[in-house]
Amino acid sequence: MSSARLTTLLGATVRRQRHLRDLSQRQLAELAGVSQTVIARIERGDRAPNVPVLERLLAAMDVQLVVGVEPLDAHLDARIDDLAARPIAERIDELDLDRLLDRLPDLPQVITGSTAALLQGAPVPVDALEIALRWQDSKQFTRWLEANYGQRWNARWGEFGGVWLEPEEPGEHRWSTRYGEIRATMCDELPTTIEVRHDGRGYQVVPLVELELTEPRAADLLRRYRARQLADGG
């Protein structure tokens, strides 16, 4: 694991534990006896925390750091193996996917990325609905976000909020809403899709072969899954 990746992982761990306890950065800073600026830089991945500071932050949240070693990316391989053993319907329910899709505005959209891969049977990790939207529909999408407590991902601060909602504004096309997280690919024209069905419901999805050409994140996960199949003799 590279030092940059470790810094990002530690920052994400601190942020996740803080969110689980509904603590603001200022509240955690007061509990741990450090400045809010230090916490902000750690959570953004701008600064690698030294061990004493990290221990103080975690102890303030009643947890502690456990150190171990494993093969590179073993956690991701284990996750893929776990997902391969679970029914697709169960994973759809876990994401609350249908509820979010039913509440999206009535505008042209297709499912892409890792969400599309999941619906086509690939056991890849999915933590948000990924859709493709047309630029010409962005204003309608923005109005829906405003009505549903949307917050846009702020890469500088490593959390949602504090930046403009509109897709036209600079930043990642990633939002949290009252119904779940959405990641969008903005395009002039929607990609070609196929329909897949689960429990009587149809989903318009970008085919796997197209995902591997156009979606780097999903493509990396699909290649990793296929490599594991080959290694296992599948």
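For every helix of n ≥ 4 consecutive DSSP H residues, a contribution of -39,500 (n - 2.57) applies; sum these over the chain, divide by its total residues, and give [θ] at 222 nm rounded to the nearest 500 deg cm²/dmol.
After summing the helix terms and dividing by the residues of the chain, the value is -14000 deg cm²/dmol.
Out of the range 174-212, which trypsin sites (Lys or Arg not before Pro) are coil in DSSP terms and have no more than 13 other C-beta atoms within 10 Å?
Within the range 174-212, the qualifying trypsin sites (Lys or Arg not before Pro) (loop, at most 13 other Cβ atoms within 10 Å) are 178.
Around residue 204, with a cut-off of 12 angstrom between Cβ atoms, what is the net charge of the other residues, counting Lys and Arg +1 and Asp and Glu -1?
Around residue 204, the charge tally is +1.
Quick check: net charge around residue 87, other residues with Cβ under 14 Å of its Cβ, Lys/Arg +1 and Asp/Glu -1?
That works out to -3.
Treat every Asp and Glu Cβ in the chain as -1 and every Lys and Arg Cβ as +1, leave all other atoms uncharged, and give the resulting dipole magnitude about the Cα centre to the nearest 20 debye.
I would put it at about 660 debye.
Work out the FRET efficiency for residue 155 and residue 59 from their Cβ-Cβ distance, taking R0 = 35 Å, and round it to the nearest 0.05.
Calculated value: 0.75.
What ranking, highest mean first, results for peptides 115-126, 93-104 when packing means the other Cβ atoms within 10 Å averaged over each residue?
Final packing ranking: 115-126, 93-104.
Round to the nearest 0.05 the FRET efficiency obtained for residue 186 and residue 50 when R0 = 35 Å and r is the Cβ-Cβ distance.
FRET efficiency, residue 186 to residue 50: 0.30.
Could I have the simple spin-label model distance between residue 103 and residue 223, label points 7 Å from Cα toward Cβ, reported in nm to one decimal?
3.7
For the chain, calculate the relative contact order in percent as a whole number, restricting contacts to Cα pairs under 8 Å that are 6 or more residues apart.
Relative contact order of the chain: 16 percent.
Bear in mind that the values in this text are calculations on the coordinates, not laboratory data. As the structure is a prediction and not an experimental result, all values here were calculated from the model. Because the Cβ atoms are built from the backbone with ideal geometry, glycine has one as well, and the counts that use them run over all protein chains shown.
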